[in-house]
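A short reminder: the numbers here are calculations on the coordinates, not readings from a lab. Only a predicted model underlies this, so the values are computations on that prediction, with no experimental measurement involved. All Cβ positions, glycine included, derive from the backbone under ideal geometry; neighbour counts span all protein chains shown.
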Amino acid sequence: MDKYAEVAEVLQTVEKVLIVGGGPVGVELAGEILENYPDKQLTLVHSHDELIGERFADKFKQKAADQLRQLGILAHLYSSS
C-alpha cells in the first residue's frame, strides 16, 4: 500500500486531525481534508502570528483565514506578546 492510501485509510477512521504548519501547504491540506472528510474536527498549529507567510498579500491571507474559520478549522497561532 502506498503512503497516500495509508493516510486516506487513517483519515477515514479518526475523528480529529492535527496539522502542524500553517504555511501554504498546511492551509491547502486542511482545506482538502475537510473537503473530502467534512465531519472531521481539524486543528492547525502554526509557529507564526498569521497563516500562510510573509510573501503573500494581507488581503489574501485574511481571506484564507476567514475561509478556514468558516470550515470550522481551529487555528492556533504563535504570538510573541
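For the chain, compute the number of Lys pairs whose alpha carbons are separated by less than 28 Å, excluding pairs fewer than 8 positions apart on the same chain. Write out the running numbers ahead of the final one.
Working: K3/K16; K3/K40; K16/K40; K16/K61; K16/K63; K40/K59; K40/K61; K40/K63.
The number of close lysine pairs in the chain is 8.
Can you give me the distance in nm between label points at E35 and D2, each placed 7 Å from the Cα along the Cα-to-Cβ direction?
1.9
Tell me the label only: which of [x] 24, 13, 12; [y] 40, 25, 8; [z] 22, 16, 9 is semi-axes √(5λ) of the Cα gyration tensor in Å as calculated from this structure?
Working out semi-axes √(5λ) of the Cα gyration tensor in Å from the coordinates points to [x].
Expressed as an acute angle from 0 to 90° and rounded to the nearest 10, what is the orientation of the C-alpha long axis of helix 24-36 relative to the principal long axis of the chain?
The angle comes out at about 40 degrees.
So what is the relative contact order for the range 28-81, in percent, with contacts set as C-alpha pairs under 8 Å and at least six apart? All intermediate terms of the calculation are to be shown ahead of the outcome.
Numbers: 43 pairs, mean separation 26.7, N = 54.
It rounds to 49 percent for the range 28-81.
What is the list of residues in the range 7-47 whose amide nitrogen lies under 16 Å from a point 7 angstrom out from the Cα of L74, following Cα to Cβ?
Of the residues in the range 7-47, 15-21, 39-46 have backbone N under 16 Å from the label point off L74.
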